[in-house]
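Presented below is the structure to which this report refers.
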Amino acid sequence: MKAAPFEYLRPASVAEASAALGRNGMTTAAIAGGQSLLPMLNLRVAFIDLLVDISRLDELRAVTETPSGLQIGALTTHAAIEDGKVPDLFGGLLRRVAGQISYRAVRNHGTIGGSVALADPAADWPGCLMALGASVRIAGPSGARSELVSDFVQGSYSTSLAAGEIILGFELPRPGASLRWGFAKVVRKSGAFASSIAFVVTPGRSAPVSVVLAAAAARAQACPETAQHLQRGTATDEALRQAIARDLAVHVPDADAYQQRLHTATILRAIRDWRAQ
């Protein structure tokens with residue numbers, strides 16, 4: 001099947017792209033890597049009037065290390081992160097996450113900005129960036145703004161992007177020297193959508209533990225009960241299982257017995273990964 005007819009525009013600047021995406025009376029979409037949008041258009045799951053190609057906007061590719069952390073441009077590909085072209089401030093977490101996204105052919109074209117903008121519940125980057133306390137930088141008709149990724153992603157395929165707004169990139173706070181992280185992911189086969197993803201991050205010696213579960217609900221969710229048990233440092237496996245169960249009851253109340261076991265096992269694997277560092 002082929003996509004329904006649409007107009008195509010390749011803007012020369014972010015401002016021009018913003019103006020095009022904000023056209024009144026038109027359904028518009030930005031495309032960069034196109035690894036999710038093009039299949040959706042071809043299957044006619046999505047319909048648009050105007051496709052705005054931002055893939056040539058070099059200003060969205062910049063990756064900058066600053067005293068306060070790391071800025072990653074929205075057009076940074078998964079492969080670039082996997083290959084170490086992004087400064088490794090997070091002990092290899094970003095490289096490990098990127099390297100497990102779909103297939104290499106997809107990682108060569110898919111971008112971190114596109115992943116977060118689409119807000120697929122099974123995507124890796126929203127949960128990872130939430131666990132790291134990252135913010136998304138956005139430009140639009142009203143100027144530039146910044147918002148925590150945890151607030152930006154509002155639900156399944158839903159974000160706070162308004163008409164004419166475009167993601168510029170992400171700001172990740174610099175972690176402390178004693179950063180610890182754990183990551184676990186369950187997929188049926190290589191390249192398939194994830195069935196469960198978990199992140200456990202402690203950005204510094206006295207920093208709070210962050211536990212995030214993705215691919216379970218409409219959006220990635222923090223697991224505060226589990227995090228509190230880890231923060232105390234004395235939690236047994238049974239206590240952790242009970243804490244995870246309470247978090248799942250809040251965020252995935254309709255989970256069946258298999259899903260409960262799946263997400264519990266994924267979080268426990270991420271915790272073991274975290275404890276091993």
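FYI, it's all coordinate maths here, none of it is from the lab. Predicted model only: the values in this text are computed from it and were never measured. Here the Cβ is made from the backbone with ideal geometry for all residues, glycine too, and neighbour counts use every protein chain on show.
Stokes-Einstein at 10 °C, 1.306 mPa s, Kirkwood radius from Cα pairs: D for region 180-275 in µm² s⁻¹?
120
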List the aspartates and glutamates whose alpha-carbon lies under 16 Å from that of Lys185, not counting same-chain residues fewer than 8 positions away?
Asp120, Asp124, Asp273
Is region 50-109 rounded, prolate or oblate when judged by the Cα gyration tensor, a ≥ b ≥ c being the square roots of its eigenvalues, rounded requiring a/c under 1.5 and prolate requiring a/b larger than b/c?
oblate
Rounded to whole Hz, the Karplus (6.51, -1.76, 1.60) HN-Hα couplings of region 105-112, x for glycine and proline:
4, 5, 5, 5, 10, x, 10, 5
According to the square roots a ≥ b ≥ c of the eigenvalues of the Cα gyration tensor, what is the shape class of region 7-53, taking rounded for a/c under 1.5, prolate for a/b larger than b/c otherwise, and oblate for the remainder?
oblate
Which net charge results when you count Lys and Arg as +1 and Asp and Glu as -1 among the other residues whose beta-carbon is under 12 Å from that of Ala131?
0
